[in-house]
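Encoded as structure tokens, the structure appears first; notes follow it.
The values are calculated or read from the model by the stated rules, or taken from the named source; none is laboratory data. What you see is a predicted model, and the numbers here were worked out from it, not measured in a lab. Here the Cβ positions follow ideal geometry from the backbone for every residue, glycine too, while neighbour counts run over all protein chains shown. Protein only, heavy atoms only, side chains kept; ligands, DNA and RNA dropped before computing areas. Shrake-Rupley method; radii C 1.70, N 1.55, O 1.52, S 1.80 Å.
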Amino acid sequence: MKFVRYIPLPPSRVASAKQDGLEHVLGVAVPQTEYVLPVQHAFIEADLARLLDWADAPIDNVAWLLSYRALGLRTIAGLPIRWDAAVKPFAKKLSQVELLPPVKTIPSFRDFYAFEAHVKNARKKRGLEMVPEWYDAPVFYFSNTASIVGNGAKIQKPTETRELDYELEWAVVIGKEGGNIAVADADNYIQGFTILNDWSMRDVQRHEMKVGLGPAKGKDFATSVGPYLVTPDELEDRVREDRSRGKRYDLEMAVFVNGVRRGGGNTRDMNWTFAELIAAASRNTTLKPGDLIGSGTVGTGCITEFAEGIWPWLEVGDVVRLEIERLGALENRIV
């Protein structure tokens, strides 16, 4: 199932949606169509309908996604989405909505460094060998959840950079609270998957990290995620056979700028699994529902991995599109 959060158009009101008090809708994508439905109209099951019939309790964050657990349901896989005359008046085409990040409240955002090829390529360009400590344990940095935007959002190019870069990643959203999570249990904490673009000012990042901390301001301006939150059952047939270190998925990834493919890879190329990332992130602390955990960039998934001049840095007007099988496409324009 693919969940979305959106604001209905018209565009003239989207820019001032918060001021206008327009409701942010939690919905689902109707399979084999270009429509989305609010969750309260999307399901036939009487139990789910009663559960969603909260007079004064707005559906927030991943609350609905977690609520099926209260009914004792083990999975939402296979729940039919209504698509009949009674619900079609509530449906909106994707072109008629402003897509938001699929999770409303993100308590924390950890972005890992899990693709070996990306690390090797970036270090080789700087004349450095692969750091052996990278193989000891997965590492991450914290980023600013206040700068997270959704599909279609305009990305403001910071004035201080001449080397604006994209990063092709995917991410998971944590679905239940837990600490010191074992690798063997970690996949059960994943509520869903989404595409992530960890925008970067490479010149700023390169300068500040000479101090020995970071990345900091080089990343602290925009992160885009979406367009959907895809539940794990949607990807189960793409899990590779060896699950000894958690599930490893086989999904093609690609990045396009102004319609031209610039790089990509496959999710199976992650050296660390999401289960291992979750276990590392939860060590000596507590993960909360809604926490976002990024994979890091796939090999050739950013400009900085390539030799100078192969691809130009991003400029105002460029449109960056990230595509991952089953997860959709995440597109943003630089302004």
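Across segment 157-176, which residue is least open to solvent (accessible area, probe 1.4 Å) among those that are β-branched (Val, Ile, Thr) and out of contact with any Gly (no Cβ under 8 Å at 6 or more places or on another chain)?
The initial filter retains those residues of segment 157-176 that are β-branched (Val, Ile, Thr), namely 159, 161, 172-174.
Keeping just the survivors that are out of contact with any Gly (no Cβ under 8 Å at 6 or more places or on another chain) gives 159, 161.
Details: Thr159: 137, Thr161: 6 Å².
Result: Thr161.
Scanning segment 289-318 for residues that are in contact with a Phe, Trp or Tyr (Cβ under 8 Å, 6 or more places away or on another chain) and hydrophobic (A, V, I, L, M, F, W, C) yields a count of 6. Filtering segment 88-111 to residues that are within 12 Å of the chain's Cα centre (by Cα) and either of a type outside the set (Phe, Trp, Tyr) or not in a strand (DSSP E or B) (or both) leaves Leu100, Pro101, Pro102, Val103, Ile106, Arg110, Asp111.
Select the strands (runs of 3 or more DSSP E) contained entirely in segment 209-280, then report the ones holding at least 2 residues which are of a type in the set (A, V, I, L, M) and closer than 24 Å to Glu116 by Cβ. Write out each step before concluding.
Numbers: elements: 223-230, 252-257, 260-266.
Of the strands (runs of 3 or more DSSP E) lying wholly inside segment 209-280, those with at least 2 residues that are of a type in the set (A, V, I, L, M) and closer than 24 Å to Glu116 by Cβ span 252-257.
Here Gly309 meets each of (1) in contact with a helix residue (DSSP H, G or I) (Cβ under 9 Å, 6 or more places away or on another chain); (2) at pLDDT below 95 with one exception, condition (1). Among the residues of segment 177-187, those identified as open to solvent by 10 Å² or more (accessible area, probe 1.4 Å) and either hydrophobic (A, V, I, L, M, F, W, C) or under 21 Å from Gly296 (Cα atoms) (or both) are Ile181, Ala182, Val183, Ala184, Asp187.
If you go through segment 152-185 and pick out every residue that is among the charged types (D, E, K, R), assigned to a loop (DSSP other than H, G, I, E, B), over 14 Å from the mean Cα position of the chain (by Cα) and modelled with pLDDT of 95 or more, you end up with 4. Looking at Ile310 and the list (1) hydrophobic (A, V, I, L, M, F, W, C); (2) assigned to a helix (DSSP H, G or I); (3) surrounded by fewer than 21 Cβ atoms within 10 Å (Cβ to Cβ), which single condition is not satisfied? With (1) hydrophobic (A, V, I, L, M, F, W, C); (2) assigned to a helix (DSSP H, G or I); (3) surrounded by fewer than 21 Cβ atoms within 10 Å (Cβ to Cβ) applied to Ile310, the lone miss is (2). Cβ-Cβ distance below 8 Å, separation of 6 or more or different chains: which pairs start in segment 254-265 with a residue that is closer than 19 Å to Arg326 by Cβ and end on one that is surrounded by fewer than 19 Cβ atoms within 10 Å (Cβ to Cβ) and hydrophobic (A, V, I, L, M, F, W, C)? Matching pairs, first to second residue: Gly265/Ala117. Scanning segment 206-230 for residues that are in contact (Cβ under 8 Å) with a residue 24 or more places away in the chain, of a type outside the set (Phe, Trp, Tyr) and crowded, with 21+ Cβ neighbours inside 10 Å returns Lys219, Ala222, Thr223, Ser224, Val225, Gly226, Pro227, Leu229, Val230. Among the hydroxyl-bearing types (Ser, Thr, Tyr) and either open to solvent by less than 20 Å² (accessible area, probe 1.4 Å) or farther than 25 Å from Asn151 by Cα (or both), is that true of Thr304? Criteria not met by Thr304. Against the numbered list (1) modelled with pLDDT under 95; (2) out of contact with any strand residue (DSSP E or B) (no Cβ under 8 Å at 6 or more places or on another chain); (3) on the phi > 0 side of the Ramachandran plot, Gly246 comes up short only at (1). Go through segment 112-126 and count every residue that is part of a loop (DSSP other than H, G, I, E, B) and open to solvent by 70 Å² or more (accessible area, probe 1.4 Å). So the count comes out to 2.
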